[in-house]
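Visitor: Have a look at this one.
The values are calculated or read from the model by the stated rules, or taken from the named source; none is laboratory data. Nothing here was measured: the structure is a model prediction, and the numbers come from that model. Cβ placement follows ideal geometry from the backbone for every residue including glycine, while neighbour counts extend to all protein chains displayed. Quick note on the areas: whole protein, heavy atoms, side chains included, nothing else; ligands and nucleic acids left out. Shrake-Rupley method; radii C 1.70, N 1.55, O 1.52, S 1.80 Å.
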Amino acid sequence: MLTRIEVGQKSPSTDSQARKILATLHETFGFSVAKLEKAATVSVYTLEMDLEGKEKERIARELLTDPITERYAIDAHLAAAAGDGSFDFLIEVGYKPGVTDNVGRSSREGISDLLGRPLADEDQVFTGRQFQFRGTLTRADAETIATKLLANPLIETYLIRSKQEWAAFPSLPKTSGKVAFEHKPEVRTIELPESDDALQRLSDEKVLALTIAEMRAIKAYYASAETRAHRALAGLPAEPTDVELEVLAQTWSEHCKHKIFAADIEYTDETGKRENISSLYKTYIKAATEKVRPKAPWLKSVFTDNAGIIAFTEEWDVSMKAETHNSPSALDPYGGAMTGIVGVNRDILGSGMGSRPIFNTDVFCFASPFYDKPIPEKLHHPRRIFKEVHRGVKDGGNESGIPTVNGSIVFDDRFLGKPLVFCGTGGLHPAVLNGMPSWQKTIEPGDRILMAGGRIGKDGIHGATFSSAALTEASPTSAVQIGDPITQKKLSDFLLEARDLGLYRFVTDNGAGGLSSSLGEMARETKGPSGIGGCKIHLDRAPLKYAGLDPWEILVSEAQERMSFAVPPDKLAAFLELARRRGVEASDLGEFSGDGLFEAYFQGKLACSLAMDFLHDGNPKLHLKARWTPPRHGEPPANFWASRDLKADALALLSALNICSKESWVRQYDHEVQGMSVIKPFVGEKADGPSDAAVVRPLYDRKEGLVVSHGIVPRYSDIDCYHMAACALDEAVRNAVAVGARPGTLAGLDNFCWPDPVESENTPDGQIKLAQLVRANQALYDYCVAYGLPLISGKDSMKNDYGRGKDKISVPPTLLFTVIGKIEDVEKTITMDAKAAGDVLYVLGLTRDEMGASEYFRQLGFTGNSVPKVDAVSALALYHRLADAIERGLVRSAHDCSDGGLFTAIAETCMAGRLGAKVDLAALPAAADAGPLPPGTKLFSESQSRFVITLAPQNRAAFEALFAGLPFSSIGQVTSGSDLEIRDGSSSAGAGLIFSAGLDEMFASWRRPLDW
Amino acid sequence: MGKPRIAIITGYGINSDNELAHSFALAGGDPRRVHINDLIARKPALSEFDIIAVPGGFSFGDHIASGRVFANKLKHSLAEDLAKAADRKIPMIGICNGFQVLVKLGILPGAAPATVAQGTGEPAASGAFVQTTTLTYNDSGRFEDRWCHLSGVPASKSIWTRGIERIYLPIRHGEGKFIPKDAETLAALKRNGQISLRYCTSAGEDPGEGQAAYPLNPNGSVDHVAGISSSDGLIFGLMPHPEAHMLATNHPQWQKLGLKGEGEGIRIFRNAVDYVRGSAL
């Protein structure tokens, strides 16, 4: 029986959602006020359960409606009650069957509490949202509003009613969101064809994403006498089952096996010199960490677990991981991004014996929200992507009770085809648990396989490689996952309790690849007598969201909010009992074994038996070619600076999307839940200056802290990815140093997001893109070793392209470099805002003519060639000295120079402090071998490893003594005024005054673009 | 007596429990984080505690409306124990989501003395909590994390805000706009000293009216109300987070101001701990 309850506001004054929608439609969609004069929102609940009239009334009145501000209608419409004329168009949006409906799930639990009885599995609540618009809008306008703002047709349905239609038939359908499809689950045998063509076709048709070499390897495995004998004995067909093929495809996927980073690469550099690289990962990333390891005794677990783990204090360790969730965020930006953040939270929960998430970081790369060219098919407008990704990460982080402490938003129109959504999380856990180091974990044969948390549905099967055309009204949505932070919060509270009680031996998360991936990895960790573990999974014991899933789907579904555990048999009862008391569903799916086989059963019958060594190590290596040819870009004309108005340029630069204030967006993240914050995203007199790095104090009664920061400069890839990577790394480090961190205590995380670098018909420039990847890795190695910076965790996403041929859009090669490190005393950390008039302003580090790919050049349509380069030796000396100065309390503020160069750094220092400054660029430290630089270059060059700092006059002597021998100089003074006055003493004109800009005008430019 | 025992309720998306526990410990209490399901099973029972705290968070994801589903759970599984606790005259606090829960449950502001004092002088019958105010969507339509200046209302009966003229705390919510049922409800709250904390300027003045008050009044709350109490002053709820200012280094400008040690928020918790100690004498 379906009951429909509508809840609306009594008065428009409390309908802030309607106001927000109206504002968006006026401001972004350009609807006039006459066209759209009024809007109202209504929540719709469809209850599929048997209820008496009185019960319906109680549910509506006591659970669903606020008695002060809201009203309701049961099996009737609020619109009718208001009489006709209340709207001209009504739009109602609901989820497609099978899409995660979090509000529906909470409503269901509320109804159960209210009625005082448990509900049956088939008793469900589906929610929808209704919007009523008044104005002269047309049906076409209503369609636009429905598809471009209110509903994502991929996961939602909508219906539109005009005033006339409503007058003729004032009723809306009661719609069940139940997944209804008739399918009898079964295991199928798949015959492997003979020819390469047919093998490749099979891979394509089944969305296995396996190459021909891999298909051949699989064919050879099944053809071997050993395999045949084993299968005959086990009662399996000689040919693979669909379960087996899917497990192989998942385990060998680029996402899980990192085949490009493991490939053999023949690299030819610009001089024609050839080099054979066997695995970028081993050659550069792992090698760098091994080289640095002796200097970093605090490393505990690197690269092997879900996250990197380092020591924090004697009793506590910290973990960190950063992930990307790009393709899902392109399709369903809200759900995709939310899944990104709650997914990386689970990586932390699954690190070592379980780590408690204590902070999130997020970095997004989008095309301009003001993009005004046609949007390619199937893509959303970047403004919508921006808003929805932001909302997804905001809801995911806030609802999980994890503060978002650091991040950034990078804009480049090449992110139109694929937005990049990086989500990072740090965790805290006891170094020793039940007498054992907590970063180590093992599994014994006989341990039970437990899955806890959410249920399995068709969510995220085959990740995002699906075609949306495959979706129909009645079919469950199979590709998109929506996070459910509350189910996960319950799961994580339970997990940490179970951890402390010693109720499990091993934990890992279910992310990409689902159970197949988590249990495959866990089977590998099982210590069998032969050294090779295995597992026996009973797929029909896994709880499902709805009936009808095939066994292979159960195994590879990426349904969210699930963790897998290895539980010793004697702890099983206690584990299940605690789960019950915490309202967490946990299921015993089988056991880990020591026989070297990955086995899955369905309804008691063996459906999959694969040799563990073949499953994990049987995939053939890729052999790829890379060739580097440096590009040559045009430079501005020789008389370029003569025609520039530097003040106008400087103010315009503050409005550049990569520089302007992101406050209105970042303020919507909870920055400080858990009470650890020491340096927040916003600092300064009015808490609106962008901090360089976050500092948190994980242990409330200790002075030790953690610093977190990042660097990312994809635009430098247009010149050379070697320097792009070097600059990203340096930016991350100097951001940390700016608040008081010390090199040598920092660890790095690398997240690569690349366009497809494998040469093919659709990627004719694959050799260049792969060369760019090689060069970025070379830089990582060089600078990690130079800085003594070990890498502890990383991830790569290698197919960030859209479309084919001339319509192809590839992201610029992008490396996000994150650092985390320990700070001995958080009470000595500093922020970037100028603190007091009369303080001396210094610049540390050399300014060179490095305008190539700078924000300034970008604004004017140039790329140039002089990309910033990092001088690691002098930078490191400077960083150590600055750390000394901050520790001794000599420095009042420090801000790193990055996007937009020196001017941006000084302007932000002044704005954040609500103080003025007088600056003379003539004193700027410059390279001895360089000629005099034009003032514009001094202001806007993006030379690396530089800081703007302020200090009290009485500390000058001590400070200058400390920096003797390093490039630094005093360039001015903080003033109590409200102007930033910039001179260049060497200039002949106007006594050297270049311009003077008021704080007000700088603020206006800086805030304008994204203050909505 | 020993240290007052404080129940910090957890579960279903509550998330500010660790820092709240530490804040109570700093204030001299003996906090214990207890899962709601354990309280329902009376292992332990609420009767074992001297102070009850409902922390901030996103119980049930703010689905339907903030605090509503958790309030519904309390109402149908713990109402009796809560009413007994109120009868025992022990202090209770709800912060942010906890405040939303207590308001939607009707424990706050609770029955006014005028309506219950018909002869008996006893509070309204247990379980007869009626919702007379609400906390709804911010006027801005968005969740915000923002530090706010607050002034203690001199006439407030709340034992939690005793001696507090001004305090600086962050708000972190999307549904913090306080609305009373009608003008009379607000007038009664004022009359009874149940308005405890109000948003103000850095100089302690009223933030102005309507849009002009934003962001000093961050959500559009009627009369700039940020916190209210029961008529006996024991039960207190507020949208800002005192536990988020437990350490001086939580203050956004602590470096510039040279702040060290304990944060301002602890004053609120110390008031309740001291009250319990005082009443035990």
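Visitor: Taking the alpha-carbon centroid of each part, what is the distance from the range A:804-848 to the range A:883-911 in angstrom?
Guide: First find each Cα centre; the distance between them is then 10 Å.
Visitor: Okay, moving on. Using the basic label-point model (7 angstrom from Cα toward the beta carbon), what is the A:SER368 to A:ARG117 distance in nanometres?
Guide: Distance between the two pseudo-spin positions: 6.2 nm.
Visitor: Still on this structure: Quick check: from the Cα gyration tensor, does chain A come out rounded (a/c under 1.5), prolate or oblate?
Guide: Verdict is oblate for chain A.
Visitor: Here's another thing I want to ask about it. Which whole-Hz couplings ³J(HN,Hα) result when phi for each residue of the range A:941-957 is put into the Karplus expression 6.51 cos²θ - 1.76 cosθ + 1.60, θ = phi - 60°, listed in order with x for Gly and Pro?
Guide: Values, residue by residue: 4, 9, 3, 7, 6, 10, 9, 9, 10, 10, 8, 5, x, 5, 9, 3, 4 Hz.
Visitor: Right, here's the next one. Hey, for a label at A:HIS230 modelled as a point 7 Å past Cα toward Cβ, could you say which residues of the range A:598-641 have their backbone N under 20 Å away?
Guide: A:598-602, A:605-621, by backbone N distance to the label point.
Visitor: Computing the accessible area with a 1.4 Å probe over protein heavy atoms, can you report the carbon and sulfur percentage for the range B:159-281?
Guide: C and S atoms contribute 51 percent here.
Visitor: Using the crude model of +1 on Lys and Arg Cβ and -1 on Asp and Glu Cβ, and no other charge, please compute the dipole size for the range A:830-1012 relative to its Cα centre, in debye to 20.
Guide: Around 200 debye, computed over the range A:830-1012.
Visitor: Express in Å², to the nearest 10, the accessible area of A:TYR95 obtained by rolling a 1.4 Å probe over the protein heavy atoms while all chains stay in place.
Guide: 80 Å²
Visitor: May I ask you to compute the full-extension gain from A:LYS273 to A:ASP570, defined as 0.36 nm times their residue separation minus their alpha-carbon distance, rounded to one decimal in nm?
Guide: Here the segment from A:LYS273 to A:ASP570 would lengthen by 100.8 nm.
Visitor: On a 0 to 90° scale, report how tilted helix A:721-739 is relative to the longest principal axis of chain A, with both axes built from alpha carbons and the result rounded to the nearest 10.
Guide: Helix A:721-739 sits at roughly 80 degrees to that axis.
Visitor: For chain B, with every protein chain kept in place, what is the accessible area per residue (1.4 Å probe, Å²)?
Guide: On a per-residue basis, 34 Å².
Visitor: For the range B:147-161, what does the Karplus curve 6.51 cos²θ - 1.76 cosθ + 1.60, with θ = phi - 60°, yield as ³J(HN,Hα) per residue in whole Hz, taken in order and with x for Gly and Pro?
Guide: 3J(HN,Hα) across the range B:147-161, in whole Hz: 7, 10, 7, 10, 10, x, 7, x, 7, 4, 8, 4, 6, 6, 10.
Visitor: Relative to the Cα centre, what is the charge dipole magnitude of the range A:697-791, using +1 at the beta carbon of each Lys and Arg, -1 at the beta carbon of each Asp and Glu, and rounding to the nearest 20 debye?
Guide: 640 debye
Visitor: To the nearest 0.05, what FRET efficiency results for A:ARG61 and A:LYS163 with a Förster distance of 30 Å applied to their C-beta separation?
Guide: Efficiency at R0 = 30 Å is approximately 0.50.
Visitor: Considering all projection directions equally, how large on average is the shadow of the alpha-carbon convex hull of the range A:121-230, in square nanometres?
Guide: Averaging across all directions leaves 13.4 nm² for the Cα convex hull.
Visitor: Once the whole set of protein chains is in place, how much accessible area is left on A:ARG105, using a 1.4 Å probe, in Å² to the nearest 10?
Guide: Using a 1.4 Å probe on the heavy atoms, I get roughly 70 Å².
Visitor: Ignore the peptide's own chain and count Cβ atoms of other chains within 10 Å of each Cβ in B:16-22; give me the average, rounded.
Guide: For this peptide, the per-residue mean of nearby foreign Cβ atoms is 4.
Visitor: On C-alpha positions alone, give me the angle between the axis of helix A:16-27 and the longest principal axis of chain A, in degrees, nearest 10.
Guide: So the helix axis and the longest Cα principal axis differ by about 60 degrees.
Visitor: Once amide H atoms are placed 1.01 Å from N in the peptide plane, what residues at a sequence separation of 5 or more from A:ILE443, or on another chain, have their amide H within under 5 Å of its amide H?
Guide: A:LYS527
Visitor: Could you tell me which of rounded, prolate or oblate describes the range A:343-395, using a ≥ b ≥ c as the square roots of the eigenvalues of the alpha-carbon gyration tensor, with rounded for a/c under 1.5 and, failing that, prolate when a/b is larger than b/c and oblate otherwise?
Guide: Prolate.
Visitor: Over the range A:577-701, what percent of the accessible surface lies on carbon and sulfur atoms, probe 1.4 Å?
Guide: 50 percent
Visitor: Given A:VAL42, A:PRO67, A:THR136, which one lies farthest toward the positive end of the charge dipole of the range A:2-168, if we put +1 on the Cβ of every Lys and Arg and -1 on the Cβ of every Asp and Glu?
Guide: Farthest towards the positive end: A:THR136.
Visitor: I've got another one for you. Rounded, prolate or oblate: which fits chain B when a ≥ b ≥ c are the square roots of the eigenvalues of the alpha-carbon gyration tensor, with rounded for a/c under 1.5 and prolate only if a/b beats b/c?
Guide: rounded
Visitor: So, one more: Starting from the residue with the highest accessible area, list A:ARG632, B:ARG146, B:ARG172, A:ARG580 in decreasing order, probe 1.4 Å.
Guide: In descending accessible area the options line up as A:ARG632, A:ARG580, B:ARG146, B:ARG172.
Visitor: Where the accessible area of the range A:196-261 is counted over protein heavy atoms with a 1.4 Å probe, how much of it, in %, is carbon and sulfur?
Guide: After summing per-atom areas, the C and S share lands at 57 percent.
Visitor: Let me ask something additional. Mind grabbing the interface size between A and B? I mean buried accessible area, both sides, 1.4 Å probe, in Å² to the nearest hundred.
Guide: Accessible area lost upon association: around 5200 Å².
Visitor: Full extension from A:ALA80 to A:ASP884: what is 0.36 nm times the residue separation minus their Cα-Cα distance, to one decimal in nm?
Guide: Result: 282.3 nm gained on full extension.
Visitor: Which one, A:ALA656, A:ILE145, B:ILE235, projects farthest toward the positive side of the charge dipole computed for the protein assembly as shown from Cβ point charges (K/R +1, D/E -1)?
Guide: It is B:ILE235, whose Cα lies furthest towards the positive end.
Visitor: In addition: Report the charge-dipole magnitude of the protein assembly as shown in Debye, nearest 20, computed about the Cα centre from +1 at each Lys and Arg Cβ and -1 at each Asp and Glu Cβ.
Guide: With Lys and Arg at +1 and Asp and Glu at -1, about 1740 debye.
Visitor: When the C-alpha atoms of the range A:71-168 are aligned to their principal axes, what extent does each axis show, in angstrom, from largest down?
Guide: On the principal axes, the range A:71-168 reaches 48, 32, 19 Å in Cα extent.
Visitor: Ranked from the most accessible area to the least, with a 1.4 Å probe and all protein chains present, what is the order of A:GLU759, A:GLU521?
Guide: Solvent-accessible surface, decreasing: A:GLU759, A:GLU521.
Visitor: Give me the accessible area per residue for the range A:857-1012, probe 1.4 Å, as a whole number in Å².
Guide: Solvent-accessible surface per residue comes out at 36 Å².
Visitor: Further question on the same structure: What FRET efficiency, computed as 1/(1 + (r/R0)^6) with R0 = 60 Å and r the Cβ-Cβ distance, is obtained for B:ASP87 and A:SER760, rounded to the nearest 0.05?
Guide: 0.20
Visitor: Residue by residue through the range B:133-145, which ³J(HN,Hα) values in whole Hz follow from phi under the Karplus form 6.51 cos²θ - 1.76 cosθ + 1.60 (θ = phi - 60°), with glycine and proline marked x?
Guide: With the stated coefficients, the range B:133-145 comes to 9, 9, 10, 10, 3, 4, 4, 5, x, 9, 6, 9, 10 Hz.
Visitor: Determine, from the Cβ-Cβ distance of A:ASP204 and A:THR304 and an R0 of 30 Å, the FRET efficiency 1/(1 + (r/R0)^6), rounded to the nearest 0.05.
Guide: With R0 = 30 Å, the Cβ-Cβ based efficiency is 0.35.
Visitor: Turning to a different aspect of this structure: With 25 Å as the limit, write out which pairs from A:LYS394/A:LYS662; A:LYS56/A:LYS394; A:LYS282/A:LYS536; A:LYS662/A:LYS835; A:LYS686/A:LYS822 have Cα-Cα distances beyond it, or answer none.
Guide: A:LYS56/A:LYS394; A:LYS282/A:LYS536; A:LYS686/A:LYS822
Visitor: If you don't mind, there's one more thing I want to ask. Largest first, how would B:HIS245, A:HIS26 line up by accessible area (1.4 Å probe)?
Guide: Heavy-atom accessible area, descending, gives A:HIS26, B:HIS245.
Visitor: To continue, here is another question. Taking 7 Å along the Cα-to-C-beta vector as the label spot, tell me the B:ARG166-A:GLU314 distance in nanometres, rounded to one decimal.
Guide: Placing both labels 7 Å beyond Cα along the Cβ direction yields 4.4 nm.
Visitor: Indicate the residues belonging to the range A:696-711 that lose 10 Å² or more of solvent-accessible heavy-atom surface (probe 1.4 Å) upon moving from the chain alone to the assembly of all protein chains, ignoring ligands and nucleic acids.
Guide: The answer is A:ARG697, A:TYR700, A:ASP701.
Visitor: Could you tell me how far the Cα centroid of the range B:184-211 sits from the Cα centroid of the range A:192-252, in Å?
Guide: Between the Cα centre of the range A:192-252 and that of the range B:184-211, the gap is 72 Å.
Visitor: Taking amide hydrogens as modeled 1.01 Å from N in the peptide plane, which residues meet the under 5 Å criterion relative to B:PHE58, leaving out close sequence neighbours?
Guide: Long-range HN contacts for B:PHE58: B:ILE14, B:ASN15.
Visitor: Let me ask another. Ordered by packing density, taken as the mean number of other Cβ atoms within 10 Å over each peptide's residues, highest first, how do A:50-62, A:642-654, A:677-689 rank?
Guide: A:677-689, A:642-654, A:50-62
Visitor: For the protein assembly as shown, what is the calculated [θ] at 222 nm in deg cm²/dmol (nearest 500), taking -39500 (n - 2.57) for each run of four or more DSSP H residues and dividing by its residue count?
Guide: Value at 222 nm, helices only: -8500 deg cm²/dmol.
Visitor: Which far-off residues, 5 or more places away or on another chain, put their amide H under 5 Å from the one on A:ALA431, with H placed in the peptide plane?
Guide: Under 5 Å from the amide H of A:ALA431 lie the amide H atoms of A:TRP316, A:ASP317, each far enough along the sequence or on another chain.
Visitor: Between helix A:382-400 and chain A, what is the angle of the helix's C-alpha long axis to the longest principal axis, kept within 0 to 90° and rounded to the nearest 10?
Guide: Value to nearest ten degrees: 70.
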